[in-house]
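Below: the structure, in structure tokens.
Bear in mind these aren't lab numbers, they're just calculated from the coordinates by the rules spelled out. Owing to the predicted nature of the structure, the values given are computational and were not obtained by experimental measurement. Heads up, the Cβs are rebuilt from the backbone with ideal geometry, glycines too, and the neighbour counts pull from every protein chain shown.
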Amino acid sequence: MKSSPQWPVRHVSVSIDRPPVEVYELAADPRNLPRWAQGLAGTIVRGDGATWIATSPMGKVTIAFAERNAFGVLDHDVTLPTGATVHNPMRVVPNASGSEVTFTLFQRPGVTDTEFERDIDAVTRDLQALKKLLEP
């Protein structure tokens, strides 16, 4: 059986001059999303542990987060208003005395190159906002 081709991918990252545990703690708290992830959550409507509902530029979305962990894994699944769920791999890893935050974007079927570039720009803005929150 022949496997299907892989989707195009882009890894967007930012270096943050803070220890990984500090970056992880801020980014892992869904209540902080509106402070740095405008592309995902304009406001948090409600949440209960790992699953949260937020208003976003795409409409109301459900966000399900990976369990808290010591490995810097911030993966989250976003269920869009259409019902489609998008898996978003995200990591915080040590970079000398600071951190590297990496978000992996996949260009899913039906997403144009222009839309993919817009998504990359949105993630880049969000990661820069996270950096600005954490660095004095």
HN-Hα J couplings of region 95-100 from phi, Karplus 6.51/-1.76/1.60, θ = phi - 60°, integer Hz, Gly and Pro as x? 9, 6, 8, x, 9, 10
Residue by residue through region 7-18, the couplings from Karplus 6.51 cos²θ - 1.76 cosθ + 1.60 with θ = phi - 60°, in Hz, x for Gly and Pro, are 6, x, 9, 9, 9, 10, 9, 9, 8, 10, 7, 8
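Counting each pair of different Cα atoms once, what's the Kirkwood radius of the chain in Å, rounded to one decimal? Display every interim value, and only then the final one.
On the way: mean 1/r = 0.0646 Å⁻¹.
Radius from the Kirkwood sum: 15.5 Å.
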Could you compute the FRET efficiency for ASP29 and GLN6, with r as their C-beta to C-beta distance and R0 at 35 Å, rounded to 0.05? 0.60
Between ALA54, ALA70, ALA37, find the one with the highest GNM mean-square fluctuation for the chain; connect C-alpha pairs within less than 10 Å. ALA70
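Would you mind calculating the relative contact order of the chain from Cα pairs under 8 angstrom and at least 6 residues apart, reporting the percent as a whole number? Please list the in-between numbers first.
Numbers: 252 pairs, mean separation 42.9, N = 136.
Dividing the mean separation by the residue count of the chain yields 32 percent.
How much length, in nm to one decimal, is gained on full extension between GLU115 and ALA64, taken as 0.36 nm per residue of separation minus their Cα-Cα distance?
16.0 nm
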Net length gained if the chain between THR79 and ALA96 were fully extended (0.36 nm per residue, minus Cα distance): 2.6 nm
State the extension gain, in nm to one decimal, for the chain segment bounded by ALA129 and ARG108, taking 0.36 nm per residue of separation less the distance between their alpha-carbons. 5.0 nm
From the phi of every residue in region 50-55, what ³J(HN,Hα) in whole Hz does the Karplus formula 6.51 cos²θ - 1.76 cosθ + 1.60 yield, where θ is phi - 60° and glycine or proline is x? 8, 10, 9, 10, 9, 8
Rank PRO94, PRO20, PRO30 by mean-square fluctuation in a GNM of the chain with C-alpha springs under 10 angstrom and give only the top-ranked residue. PRO94
